[in-house]
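Scroll down for the structure; my scribbles are underneath it.
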Amino acid sequence: TSGQVGRYRAMVCHQKNSLGASARWIQLELGQFTGGRSSIFLDSDNLINLNDLLSTVRDKVDVLVVLATKEIWWRPWCAGEITTASSAGIPIVLAMMGEGDNPLELNFNELSCQVPSKLTQAHMDVLAPFGIAHEDIQRAYAKLQDAPQVAVSVQNPMVIREAIDGLSRLAELNGMRERTIFARLGSELVSVTRGLPCLQTKTVDCIKNCMRQRRRSFVLLGNPDDIEAVAAMRILEFAMLEVSEQRQEYVDIYNCSTCPQAAVLRCVNQGMFVILVLSKGVLNCEVVQRVCVLRASRLWPEGIASTSLVFPENMLLIDADRLDFEYPDTAGYENIQNNCGDKLRQSRVISSNSSSVAPEKTTASCHRYEWDNTKVPFQSDQELALALVNFYRWLFNQLALALSTHGSWRTILHQVECIYDRTSRMSVASDAATIGSSSTTMQGYQSSTTPSEFSRADRPKSPSDFSTMVRSRSVP
């Protein structure tokens, strides 16, 4: 609660309905520079009473970080936060939230002039008890012309990283970026070796024990061109690291928004567990389609007419707040199938007996996993498209788990614990199914479902129809 922290290093001012996940993401990122997220005010965690909001800005906040969009200026509480900070002499830093690759550009003198027409009497009635009038907001907005700005977009991982670092510098946050694994390992070493005579022996034993612990690896997949989807993936990453730390487990997380596509494809090809964050347009993303084709290769390893020996459960769906995902209908699947060719087409195919591939352990090994160099059992654009669409149909046989990115951190952690546990159970089931499918005793249970079957006239018309077909043909 807000009473637990005497002062906040920064506060994130944002438009909740459109940038709720981004605000949480920015809080988590900035918290790495200040020793923890609790030092960065976010209303989802800290706000108990709206009447205390503006007094918190005035009395307890060192810097106000505004996630600037075209519409945030016409939200009464955001206008109140900015005006209060400006009148109290609190520094304001503007995170200019672009749309896709388009940077946000604003003329604050023009914004100031629009205040009387944009902020209606109903808006001003909210702010009147705090002594804020149109003129106060106009003065505050005009001053923003000289406020420091940082462009935030999802052009590429380096741009994101530079934006976060820029925000931390402008907000004068001290560099306390934690290295979670090393920090945890160091604390274990201290607790084990403190007060013991044979420090060297105990230290070595501790390191061995840490290294023996099982490491789990995940790929976080989503739409890298949607800033709220990227924020949801980053929130999930932060929360999974915290959950694993609480359980004293070690995880490696490869986030498609921060990793090169070749590295993501390499991880997927090696069988890592994939967590897909659903959002608007995600099924048409290049990296998502290519990952799903690789997963389809495991379902139909001998190509379009082969028999699926096993349905490996190593991909999980996440339904995060307000990302506007809609499950495709028959027309949606046909649209995906007709328009995925350019993203899946390979200009060069490596033969199965190729010996020109660099060793996997070398630095250049990721080149092997460039899409043009990736081996798949589908021989034509039509087969690739058909495999993708039928994999989507299979994937939506499972229910997506919720992730309340706009909620409190406690709620997010509870949900991610459920996600973490589900991945464990699904991994065990997948391992058992894979072993079972390779055993001659399981031959009677093998599925006869192939991608080509779903291309015929009796292809299921909806994901629910596909679910019934899958359940009737898969391993019980």
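What to note about this one:
- Selected residue (criterion: nearest to SER44 (Cα to Cα)) from residues of region 365-415 that are touching a Pro at 6+ places or on another chain (Cβ under 8 Å) and charged (D, E, K, R): ARG393
- Test for LEU67: is it touching a residue at least 12 places away in the same chain (Cβ under 8 Å) and either touching a strand residue (DSSP E or B) at 6+ places or on another chain (Cβ under 6 Å) or open to solvent by 20 Å² or more (accessible area, probe 1.4 Å) (or both): yes
- Of all the listed residues (ILE132, ILE48), the sole one being open to solvent by less than 50 Å² (accessible area, probe 1.4 Å), over 30 Å from ASN223 (Cβ atoms) and outside any helix (DSSP H, G or I) is ILE132.
- Hits in region 114-161 (condition: among the basic types (Lys, Arg) and in contact with a helix residue (DSSP H, G or I) (Cβ under 8 Å, 6 or more places away or on another chain)): LYS118, ARG139, LYS143
- Of the set (1) at pLDDT below 85; (2) touching a Leu at 6+ places or on another chain (Cβ under 9 Å); (3) among the hydrophobic types (A, V, I, L, M, F, W, C), all apply to VAL416 but (1).
- Residues within region 229-250 that are crowded, with 20+ Cβ neighbours inside 10 Å, in contact (Cβ under 8 Å) with a residue 60 or more places away in the chain and in contact with a strand residue (DSSP E or B) (Cβ under 8 Å, 6 or more places away or on another chain), tallied: 7
- Checklist (1) buried (at least 18 other Cβ atoms within 10 Å of the Cβ); (2) at pLDDT 85 or above applied to PHE454, failing item: (2)
- In region 392-425, the residues that are out of contact with any strand residue (DSSP E or B) (no Cβ under 7 Å at 6 or more places or on another chain), closer than 16 Å to GLY222 by Cα and open to solvent by less than 10 Å² (accessible area, probe 1.4 Å): TYR392
- Hits in region 87-129 (condition: of a type in the set (D, E, K, R) and part of a helix (DSSP H, G or I)): GLU110, LYS118, ASP125
- Selection from region 150-167 of residues that are modelled with pLDDT of 80 or more and either open to solvent by 30 Å² or more (accessible area, probe 1.4 Å) or touching a Leu at 6+ places or on another chain (Cβ under 6 Å) (or both): VAL150, ALA151, ARG161, GLU162, ASP165
- Test: residue in region 16-29 that is in a loop (DSSP other than H, G, I, E, B) and either open to solvent by less than 20 Å² (accessible area, probe 1.4 Å) or in contact (Cβ under 8 Å) with a residue 40 or more places away in the chain (or both): no
- Count of region 273-304 residues which are at pLDDT 95 or above and in a loop (DSSP other than H, G, I, E, B): 4
The values are calculated or read from the model by the stated rules, or taken from the named source; none is laboratory data. Predicted model only: the values in this text are computed from it and were never measured. Glycine gets a Cβ as well: all are built from the backbone with ideal geometry, and neighbour counts include every protein chain shown. SASA here: full protein model, heavy atoms, side chains in, ligands and nucleic acids out. Shrake-Rupley method; radii C 1.70, N 1.55, O 1.52, S 1.80 Å.
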